[in-house]
Amino acid sequence: YLIYQCGGFMGLSLFFIGCSVVAFILFFRVAQQAATFSYAFICAVVVLPLLSYRQEIRPEVFSLLFCGIYLYIVFNVRARRLPLWFLYILPFLQLAWVNCHIFFPLGIFILLLFTLDAFRTKQFFLEHCIIAACAVGASFITPFGSAGFFAPFTIFREYGYMIAENQTLMFMLKRFHNPLYIYVGVLAAIAGILFFCTTLA
């Protein structure tokens with residue numbers, strides 16, 4: 001609202017683009033650190049059609065940005081490129097996230113994954129447990145209290161009509177015949193296979 005008051009729709013557009021670019025850079029940087037620049041570049045080119053498809057200003061840009069920040073921080077703390085105290089920023093970001101967009105459970109999910117990894121590697125396990133617990137606690141601090149925390153798990157109740165964003169990939173493909181949905185399915189299948197292979201390795 002403040003951005004719109006100051007810069008109108010153009011200001012909102014620039015803000016949306018800025019958040020999207022920063023999120024993209026964070027994800028790209030993590031991919032580059034985890035593999036190589038070449039692999040990160042190839043993956044970025046592959047997913048570019050998906051990133052460019054959602055052009056209108058939408059609130060999920062907050063979740064995209066927060067996911068990038070979370071992943072960048074926990075990954076680099078794990079690799080000891082960032083000091084441990086960076087983790088303590090995350091509960092405050094979680095407080096902002098829960099009041100911005102309904103995908104905030106992704107932040108908790110990322111923290112839990114890295115907490116399990118910390119248990120496996122015996123590296124900063126206690127700190128990860130504390131941060132994850134604080135993030136869960138911060139997720140209850142909304143104008144709606146506990147109802148705000150559980151909103152992502154109850155949102156599909158009593159809509160009264162169908163919303164395209166909540167439909168399955170197969171439903172969208174049959175209804176709109178957009179080749180992009182086939183592309184999404186292929187990428188999801190490839191990602192699942194690669195995840196399974198790397199997990200076994």
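The values are calculated or read from the model by the stated rules, or taken from the named source; none is laboratory data. Only a predicted model underlies this, so the values are computations on that prediction, with no experimental measurement involved. No Cβ is skipped: glycine too gets one built from the backbone with ideal geometry, and neighbour counts run over all protein chains shown. To get the accessible areas, we keep the full protein, side chains included, count just its heavy atoms, and leave off ligands, DNA and RNA. Shrake-Rupley method; radii C 1.70, N 1.55, O 1.52, S 1.80 Å.
Couple of notes before you dig in:
- The GluC sites (Glu not before Pro) of the stretch 94-201 that meet both conditions, a loop assignment by DSSP and at most 14 other Cβ atoms within 10 Å of the site Cβ, are Glu158.
- Were the residues from Phe37 through Asn99 laid out at 0.36 nm apart, the gain over their Cα-Cα distance would be 18.8 nm.
- For the stretch 37-109: rounded, prolate or oblate by the Cα gyration tensor [a/c cutoff 1.5]: oblate
- Ordering 184-195, 82-93 by mean Cβ neighbour count within 10 Å, with the highest value first, yields 82-93, 184-195.
- Residue-span extension gain [Ala151 to Ala191] - 0.36 nm each, minus C-alpha spacing: 11.6 nm
- Euclidean distance of C-alpha centroids, the stretch 168-201 and the stretch 1-30, integer Å: 28
- Leading residue at positive end of dipole, the chain (Cβ point charges), from Gln94, Leu2, Leu82: Leu82
- Computed about its Cα centre, the charge dipole of the chain is approximately 360 debye, with only Lys, Arg, Asp and Glu carrying charge at their Cβ.
- Expressed as a whole percent, the accessible area of the chain that falls on carbon and sulfur atoms is 74 (1.4 Å probe).
- Hydrodynamic radius by Kirkwood, which averages 1/r over all alpha carbon pairs of the stretch 80-175, in angstrom: 15.3
- Ellipsoid semi-axes for the stretch 1-139, based on the Cα gyration tensor and the rule √(5λ), read 27, 21, 11 Å when sorted largest first.
- Between Phe9 and Thr198, the FRET efficiency from the beta-carbon distance, with R0 = 41 Å, is close to 0.45.
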